[in-house]
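K.L.:
Submitted below is the structure of interest, expressed as C-alpha cells.
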Amino acid sequence: MAIEIIDERRPSVSLSKIAVSDTHGEESPYFAGWKAYDKDPYDESCNPNGVIQMGLAENQVSFDLLEDYLEKHSEEASFGKRRIYSFRENALFQDYHGLLSFRKAMASFMEQIRGGRAKFNPDRIVITAGATAANELLTFILADPGDALLVPTPYYPGFDRDLRWRTGVKIVPVHCDSSNNFRLTTQALEAAYADAEAKNIKVKGLLITNPSNPLGTTIQRSILEDILDFVTRKNIHLVSDEIYSGSAFFSDEFVSIAEVLEARKYKDSERVHIVYSLSKDLGLPGYRVGTIYSYNDKIVTTARRMSSFTLISSQTQQLLASMLSDKNFTENYIRTNRERLKRRYYMIIDGLKNAGIECLQGNAGLFCWMNLSPLLEDSTRESELALWNSILYEVKLNISPGSSCHCSEPGWFRVCFANMTERTLEIALQRIYDFMERRKTKF
Amino acid sequence: MEMLSRKATCKSHGQDSSYFLGWQEYEKNPYDEVRNPSGIIQMGLAENQLSFDLLESWLASNPDATTFVRNGAGSSMFRELALFQDYHGLQTFKNELVEFMAEIRQNRVRFDPQKLVLTAGATSANETLMFCLAEPGEAFLIPTPYYPGFDRDLKWRTGVEIIPIHCSSLNEFRITRCSLEEAYEEALKLNLKVKGVFITNPSNPLGTTMNQDEFNHVISFAVTKNIHIVSDEIYAGTVFGSSIFTSIIVAIMDRNLENTDIWSRIHIVSSLSKDLGLPGFRIGMIYSNNQTLIAAATKMSSFGLVSSQTQYLLSKLLGDKKFTKNYIQQNQKRLKKRQQMLVSGLQRIGIPCLKGNAGLFCWVDMRNLLSCNTFEAEMVIWKKILYQVGLNISPGSSCHCSEPGWFRVCFANMSQETLSLSIQRIKAFVNANIGDGSN
C-alpha cells in the first residue's frame with residue numbers, strides 16, 4: 001500500500017475545527033509526564049531506575065478480591081448453560097435502557113457505598129461507556145455551545161476535554177485555595193458566576209467532584225447545602241461526579257448529594273444529576289462502566305437516547321450484574337477496599353512527612369495533594385513546572401503539577417498511591433526523601 | 001424550570017419516526033410461538049440471528065476467552081484487561097480485526113491496524129466521523145433511501161446537515177451522476193457547504209452492493225469537488241450468492257488513485273454487529289488513510305471505547321482462522337437461503353422485491369397495494385400491516401425514500417418458521433385486499 005506523506009505546508013483537505021484543535025488537552029504536562037513514563041517505565045526487576053508512575057489515578061489495591069470472586073463464580077463470566085441470559089440474548093441486547101439486572105445491581109451498589117443513607121431507583125440510571133462519556137453527555141444536554149459550566153479548581157485535567165471539546169461549552173473556574181484548605185465557598189461561587197455574567201457568558205450548571213480529584217477530600221454536608229442553595233438561587237443545574245465515592249476511607253465521612261436531596265424531600269431535585277463509574281472503586285477502567293443518575297425525567301429520557309453513542313458492552317453488563325448483586329461480595333469488597341486505601345494513604349503521608357513535605361489533610365481518593373510551594377523559587381507556574389520537570393527527570397517520579405489541574409496557587413502536586421505495589425511506593429518515598437535531603441545540603 | 005440545551009429539546013434524535021413507533025408497538029405485543037402466537041412479528045430489526053450456533057459452539061470449546069483462568073504463574077488476563085483503557089485499543093484485537101475485515105473482502109486489500117480506531121458500535125463511529133469532518137451547519141450528501149438512524153447519528157449532536165441524493169426505482173435506486181449534482185446544487189441553494197458523500201455499501205435498506213458505475217460516479221464526484229467519502233461497510237460480511245463485495249478502498253485502487261489526494265479522504269466504517277450478530281457488544285471501527293483524522297478520532301473514541309473484556313474475547317474468536325473462514329462461509333449460505341425464502345414467498349403472492357445480494361432485509365415493492373401514489377397511502381398500508389397483519393416492517397418514508405410504496409422487510413432476526421408464518425400472514429392480507437379493490 002502506498003505511504004501517504006502529509007505535506008504540512010499544504011492544508012490537508014479540511015477536517016473540522018474540532019478535529020484539529022488542541023482542546024483534547026493532550027499537550028498538557030498531565031499527558032507529557034505520561035509519555036515520559038511510557039518511554040522509561042519503572043519495573044522492579046527489569047528497570048529499577050525507571051520512572052515511577054504516580055500520575056495515574058488507578059485503584060490496584062483490591063484486584064485479588066475481584067479475582068477470587070471470578071474464580072468462584074466463573075460461570076458469571078462465561079456463557080454456560082447456568083447463565084440467566086444465554087449468549088444469544090446477551091449478544092443481541094443493545095437496548096439503550098441497559099440490562100435491568102445491571103441497573104438494579106448498580107443502584108444497590110451505589111446505595112451500599114453510601115451506607116444505605118440514600119436510595120437509588122434503577123429506572124433513573126442511564127448507562128454510558130465510562131464517566132468520561134457521562135460527563136460529556138450531560139454537558140451536551142445541559143448547555144449549548146458558548147454556554148458555560150462552573151467547575152471548582154483544582155480539577156481533573158480531563159474535564160477540559162470531556163466538558164468542552166466536542167460540546168463547545170466553556171468552563172468557568174471557581175477558585176479555591178489553601179487559605180481555607182481549598183474548600184468551596186458561596187463567595188467563590190458567586191464571584192465566578194459574576195465573572196461569567198460580566199463576560200456575557202451564560203452559566204448553565206455547576207459540576208463538582210465529590211470526593212474531590214485532585215484534593216482527595218470529601219465535601220462537607222454544610223457546603224453541599226450551600227451548593228444546593230446556590231444552584232437553586234441561580235436556577236442552574238448541579239452535576240455531582242461521585243466517581244470516588246467508594247474510595248472514602250471512612251464510610252460515614254462521604255456525604256452524597258443524594259443524601260442531602262433526600263433530607264430535603266427531593267425539593268428542587270430536577271436540577272441534580274450524579275455521575276458514577278466503576279473505574280475507581282472497582283478498579284475496572286478498561287470495562288467502560290459509567291452511569292448517569294438524574295432526578296429529572298426529561299434528562300433521563302434524553303440521556304438514554306444519547307447513550308446510543310456510548311453503550312456498555314452487554315457482555316460486561318452481564319458480568320457486573322451478577323457481581324454487584326452479590327451482597328456478600330460487595331459488602332466485603334467495599335469495606336476491605338476502604339481499609340487498604342486508608343492504609344496506603346497513611347503510608348504515603350507519613351513517608352512524605354518524614355521527608356519534610358506537608359499534604360492537604362485528605363480522607364478519600366487514590367491520591368494525595370502535596371504541598372511543595374516552599375520549594376519553589378518564586379510563586380509562579382513556571383517555577384512549579386521547573387520543579388515538576390526535575391521531579392520527573394531527576395527523581396524519576398511522574399506526578400501531576402497543580403497547574404495542569406488549574407490550581408490558582410503554584411506549588412501543589414497530585415501524587416497517586418493506589419496504582420502500584422507497597423514496595424514500589426516505598427521506593428518512591430525513598431526517592432523523594434533522598435531528593436529532599438539533597439536539596440537541604442544544597443541550600 | 002431551568003432550560004435544557006437545544007439538542008435536548010429538539011427532535012433530531014428522530015425517535016418520533018415510524019421506525020421507532022413500529023418498534024414500540026411490537027414491544028407492547030411481541031409475537032411468541034407459544035405464548036403469543038397472534039402477536040406482532042418483528043421484521044423491522046436488521047439483526048443477524050442465523051449463525052449463533054457457530055459462535056456458541058466456539059465459546060463452549062474456548063472457555064478461556066471469557067473466564068480468565070489463572071495460569072501456572074498465578075496471574076490471569078483479568079488484571080491487565082481490567083486496567084486497559086488505552087484508546088489505541090488492544091493490539092491483538094486490532095490485528096485480528098483487520099485480518100477479518102480483509103478476509104471478508106477476499107483479501108484483495110491489506111488493512112493496517114494502526115489506521116483503525118475502535119468505537120462503541122458503528123453508531124459511535126459514524127458520529128465521530130461527522131465531528132471530525134464537518135463543522136456544525138455543513139453537509140453530507142447521502143443517497144436515499146437510507147438507514148433511519150442516520151438522522152440521529154450524523155446530525156443530532158454534531159449539527160451537521162444531511163442532503164439526500166435522490167435515487168429512483170427507474171434504475172434500481174442506483175446513484176447517478178445527475179443525482180449527485182442535483183444534491184450538490186440543493187446544498188448550494190440552502191447555503192450549505194458540502195464536506196462529503198456518505199454511502200452505505202452494501203446498502204441499508206436496499207440490500208444491494210454498489211456497482212462499478214456507481215463507484216465511478218461517486219469517486220469522480222468526490223475528486224472533482226474535493227470532498228470526503230465515508231463508506232459505511234457494516235453489511236460487508238452479509239454479501240451472499242455469487243457476488244463478491246468490493247470495498248471503496250478497492251474501487252479507488254482499481255482506478256489507480258492511491259497516490260492522489262482522494263486517498264486520504266476515504267473513510268470506512270464497520271462493526272461486528274451485523275456480520276457476527278453481536279450488536280450488544282458494541283464493537284465498531286473507523287478505518288482511514290488520513291493520519292490527522294485517525295489521530296483525532298482516536299482521541300475522540302475516549303467517549304465510546306470498547307470494553308477491554310469484549311476486545312479480549314473477540315481477539316480470541318477472530319484469531320481462530322479456521323473458525324472465521326467457516327463462519328463467513330456458513331453465514332453467507334444461510335443468509336442467501338433466508339433471503340430467497342422471503343423473496344420467492346413474496347413473489348408467489350405477487351409482491352416483487354428489488355434484486356438484492358446482501359444485507360439482512362429485502363427492499364419490497366408494495367406499490368400495487370397503495371390506493372394512490374402518496375406517502376399518506378403508504379402510511380395507511382404500513383399501519384394495516386402493523387396492526388391487522390401483525391408485522392412490523394419499515395416504511396420507505398422512514399428511510400427517506402422519494403417514492404412511496406417501498407418497505408424494508410428483515411428476514412434474519414427470526415426462525416424459519418416465523419418467517420414462513422409472516423409470509424402466510426401477508427398472503428392472507430393481500431388476498432383479502434385484492435377482492436376489496438380499495439385500500
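The values are calculated or read from the model by the stated rules, or taken from the named source; none is laboratory data. Because the structure is a prediction, the values reported are computed rather than measured. Counting neighbours? That spans all protein chains shown, and the Cβs are built from the backbone with ideal geometry, glycine included.
K.L.:
Go through segment B:75-133 and give me each residue that's among the basic types (Lys, Arg), farther than 25 Å from A:Ala134 by Cβ and out of contact with any strand residue (DSSP E or B) (no Cβ under 9 Å at 6 or more places or on another chain).
P.N.:
Scanning segment B:75-133 gives B:Arg105, B:Arg108, B:Arg110.
K.L.:
Let me ask another. Any residue at all in segment B:283-293 that's part of a helix (DSSP H, G or I) and crowded, with 18+ Cβ neighbours inside 10 Å?
P.N.:
So far as segment B:283-293 goes, yes, one or more of its residues are part of a helix (DSSP H, G or I) and crowded, with 18+ Cβ neighbours inside 10 Å.
K.L.:
Under 17 Å from B:Tyr312 (Cβ atoms), touching a residue at least 40 places away in the same chain (Cβ under 8 Å) and either outside any helix (DSSP H, G or I) or hydrophobic (A, V, I, L, M, F, W, C) (or both): which single residue out of B:Leu118, B:Leu141 fits that description?
P.N.:
From the options B:Leu118, B:Leu141, the qualifying one is B:Leu118.
K.L.:
I've got another one for you. Of the residues A:Ser308, A:Ser314, only one is of a type outside the set (A, V, I, L, M, F, W, C), in contact (Cβ under 8 Å) with a residue 40 or more places away in the chain and buried (at least 24 other Cβ atoms within 10 Å of the Cβ); which?
P.N.:
Answer to the check: A:Ser314.
K.L.:
Contact list please: Cβ distance under 9 Å, first residue in segment B:296-315 and more than 7 Å from chain A (Cβ to nearest Cβ), second residue part of a helix (DSSP H, G or I) and among the basic types (Lys, Arg), pairs at least six apart or on different chains.
P.N.:
B:Gln311/B:Lys94; B:Ser315/B:Lys94
K.L.:
Is at least one residue of segment B:235-257 in contact (Cβ under 8 Å) with a residue 24 or more places away in the chain and facing chain A (nearest Cβ under 8 Å)?
P.N.:
Taking every residue of segment B:235-257 in turn, none turns out to be in contact (Cβ under 8 Å) with a residue 24 or more places away in the chain and facing chain A (nearest Cβ under 8 Å).
K.L.:
Also, I was wondering about something else. With the condition kept exactly as written, say whether any residue in segment A:159-174 is closer than 16 Å to A:His24 by Cβ, touching a His at 6+ places or on another chain (Cβ under 6 Å) and hydrophobic (A, V, I, L, M, F, W, C).
P.N.:
Yes, because at least one residue in segment A:159-174 is closer than 16 Å to A:His24 by Cβ, touching a His at 6+ places or on another chain (Cβ under 6 Å) and hydrophobic (A, V, I, L, M, F, W, C).
K.L.:
Which members of segment A:218-244 meet the condition of being within 14 Å of chain B (Cβ to nearest Cβ) and assigned to a helix (DSSP H, G or I)?
P.N.:
Within segment A:218-244, A:Leu228, A:Phe230, A:Val231, A:Thr232, A:Arg233, A:Lys234 qualify.
K.L.:
Within segment A:232-246, work out how many residues are more than 27 Å from A:Thr330 (Cβ to Cβ) and surrounded by 21 or more Cβ atoms within 10 Å (Cβ to Cβ).
P.N.:
Adding up the residues that qualify gives 3.
K.L.:
Consider segment B:144-162. How many of its residues are crowded, with 20+ Cβ neighbours inside 10 Å, part of a loop (DSSP other than H, G, I, E, B) and within 12 Å of chain A (Cβ to nearest Cβ)?
P.N.:
The number of residues fulfilling the criteria is 5.
K.L.:
State the number of residues belonging to segment A:325-381 that are without any contact (Cβ under 8 Å) to a residue 24 or more places away in the chain and polar (S, T, N, Q).
P.N.:
1
K.L.:
Which is more than 23 Å from B:Tyr146 (Cβ to Cβ), modelled with pLDDT of 95 or more and within 17 Å of the chain's Cα centre (by Cα), of B:Asn413, B:Asn331?
P.N.:
The unique qualifying residue is B:Asn331.
K.L.:
Determine whether segment B:83-101 contains at least one residue that is at pLDDT below 95, within 11 Å of chain A (Cβ to nearest Cβ), surrounded by 18 or more Cβ atoms within 10 Å (Cβ to Cβ) and in a helix (DSSP H, G or I).
P.N.:
yes
K.L.:
Continuing with this model, one more query. For segment B:241-259, what are the residues that are closer than 22 Å to B:Lys274 by Cα and crowded, with 20+ Cβ neighbours inside 10 Å?
P.N.:
Within segment B:241-259, B:Phe245, B:Thr246, B:Ser247, B:Ile248, B:Ile249 meet the criteria.
K.L.:
Identify all residues within segment A:264-305 that are in contact with a Lys or Arg (Cβ under 7 Å, 6 or more places away or on another chain) and either in a helix (DSSP H, G or I) or hydrophobic (A, V, I, L, M, F, W, C) (or both); write none if there are none.
P.N.:
A:Val300
K.L.:
Go through (1) at pLDDT 95 or above; (2) within 11 Å of another protein chain (Cβ to nearest Cβ); (3) assigned to a loop (DSSP other than H, G, I, E, B) and name the single condition B:Asn126 misses.
P.N.:
The single condition B:Asn126 does not satisfy is (3).
K.L.:
Same structure again: Of all residues in segment B:33-72 being modelled with pLDDT under 90 and crowded, with 19+ Cβ neighbours inside 10 Å, which is farthest from B:Arg408 (Cα to Cα)?
P.N.:
So, considering only residues that are modelled with pLDDT under 90 and crowded, with 19+ Cβ neighbours inside 10 Å, the one farthest from B:Arg408 (Cα to Cα) is B:Phe68.
K.L.:
Let me ask another. So if I check each of B:Asn201, B:Asn216, B:Asn211, B:Asn290, which one is more than 14 Å from chain A (Cβ to nearest Cβ) and under 25 Å from A:Thr310 (Cα atoms)?
P.N.:
Criteria check complete, one pass: B:Asn201.
K.L.:
A further question follows. Taking B:Arg408 and the conditions (1) of a type in the set (D, E, K, R); (2) touching a Ser or Thr at 6+ places or on another chain (Cβ under 6 Å); (3) not in a strand (DSSP E or B), which numbered condition does it fall short on, given that it satisfies the others?
P.N.:
Failing condition for B:Arg408: (3).
K.L.:
While we're looking at this one, here's another question. Hey, can you tell me all the residues within segment B:260-282 that are assigned to a helix (DSSP H, G or I) and surrounded by fewer than 24 Cβ atoms within 10 Å (Cβ to Cβ)?
P.N.:
B:Asp261, B:Ile262, B:Trp263, B:Ser264
K.L.:
Continuing with the same structure: In this structure, does B:Ile165 turn out to be surrounded by 23 or more Cβ atoms within 10 Å (Cβ to Cβ), away from chain A (no Cβ under 14 Å) and more than 27 Å from A:Ser308 (Cβ to Cβ)?
P.N.:
no
K.L.:
Identify all residues within segment B:294-329 that are assigned to a loop (DSSP other than H, G, I, E, B) and of a type in the set (Val, Ile, Thr); write none if there are none.
P.N.:
Scanning segment B:294-329 gives a single hit, B:Val306.
K.L.:
Going through A:Ile127, A:Ile113, A:Ile141, A:Ile171 one at a time, which residue ends up being at the interface with another protein chain (Cβ under 10 Å from one of its Cβ atoms) and β-branched (Val, Ile, Thr)?
P.N.:
The match here is A:Ile141.
K.L.:
Quick test for you: out of A:Ile312, A:Ile274, pick the one residue that is more than 9 Å from chain B (Cβ to nearest Cβ) and farther than 17 Å from B:Arg6 by Cα.
P.N.:
Criteria check complete, one pass: A:Ile274.
K.L.:
Right, something else. Being under 12 Å from the mean Cα position of the chain (by Cα) and either facing another protein chain (nearest Cβ under 7 Å) or among the β-branched types (Val, Ile, Thr) (or both) is the filter here, so list the residues in segment A:284-303 that pass it.
P.N.:
If the condition is that a residue be under 12 Å from the mean Cα position of the chain (by Cα) and either facing another protein chain (nearest Cβ under 7 Å) or among the β-branched types (Val, Ile, Thr) (or both), then A:Pro285 is the only one that fits.
K.L.:
Since B:Gly356 meets every condition but one in (1) within 20 Å of B:Asn201 (Cβ to Cβ); (2) within 14 Å of chain A (Cβ to nearest Cβ), which condition does it not meet?
P.N.:
In the conditions (1) within 20 Å of B:Asn201 (Cβ to Cβ); (2) within 14 Å of chain A (Cβ to nearest Cβ), B:Gly356 misses (2) alone.
K.L.:
OK, next. Check B:Gly196 against each of (1) under 25 Å from B:Ala296 (Cα atoms); (2) more than 10 Å from every other protein chain (Cβ to nearest Cβ); (3) within 21 Å of the chain's Cα centre (by Cα); (4) not in a helix (DSSP H, G or I) and name the one condition it does not meet.
P.N.:
(2)
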